[in-house]
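First the structure, in the form of structure tokens, and then the observations on it.
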Amino acid sequence: MIDEIDILERLGNQDIKAFKEICMEFLEPLENFAFSLLNDANKSREVVTDVFSKIWATKGFENASLPLLGFFQEQVRAACLK
């Protein structure tokens, strides 16, 4: 389990290692969540990967709230509903 407060602080300093930690920690649960909405494993992985990429590129983590998994689930849900 990751220390979410520490991760957010590190993300504020654009620490790519912190972002990779989040990706590794949340990849499987987010793919499973996306799959529950899309019922397509390939599309689910694509959506989650796109969400991670978009959040890093736009510094979307600056608006993140705790728990981080919930924040990422909301991003994935929105992407799935597009």
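Taken together, the values in this text are just the output of simple stated rules run on the coordinates, not laboratory data. Everything numeric in this text was worked out from a predicted model, so none of it was measured. So basically every Cβ, Gly included, is an ideal-geometry build from the backbone, and we count neighbours across all protein chains shown.
Length gain on complete extension for the stretch Q14 to E74, per 0.36 nm per residue less the alpha carbon to alpha carbon distance? Could you put the intermediate results ahead of the total?
Details: separation 60, 0.36 × 60 = 21.60 nm, distance 2.18 nm.
So the chain would gain 19.4 nm between Q14 and E74.
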Task: Inter-probe distance in nm under a simple model that places probes 7 Å from Cα toward Cβ, at S65 and E46 - done: 3.1
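Under the √(5λ) rule applied to the eigenvalues of the Cα gyration tensor, what semi-axes describe the equivalent ellipsoid of the chain? Give them in Å, descending.
Numbers: eigenvalues 94, 29, 23 Å².
Rounded to whole Å, the semi-axes are 22, 12, 11.
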Open item on the list: If you take every residue apart from E74 with its C-beta less than 14 Å away from the C-beta of E74, what net charge results, scoring Lys and Arg +1 and Asp and Glu -1?
Closed with: +3
Task: Computed over the chain: relative contact order in percent, which uses C-alpha pairs under 8 Å that are six or more apart - done: 32
TODO: Under a cut-off of 18 Å between alpha-carbon atoms, report the aspartates and glutamates in cross-link reach of K59, not counting same-chain residues fewer than 8 places apart.
DONE: E4, D6, E9, D15, E21, D50, E74
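Counting helices only, and only those DSSP H runs with n ≥ 4, report the 222 nm mean residue ellipticity of the chain as the sum of -39,500 (n - 2.57) divided by its residues, in deg cm²/dmol to the nearest 500. Before the final figure, lay out each step's value.
Values: 4 runs with 64 residues, N = 82.
Value at 222 nm, helices only: -26000 deg cm²/dmol.
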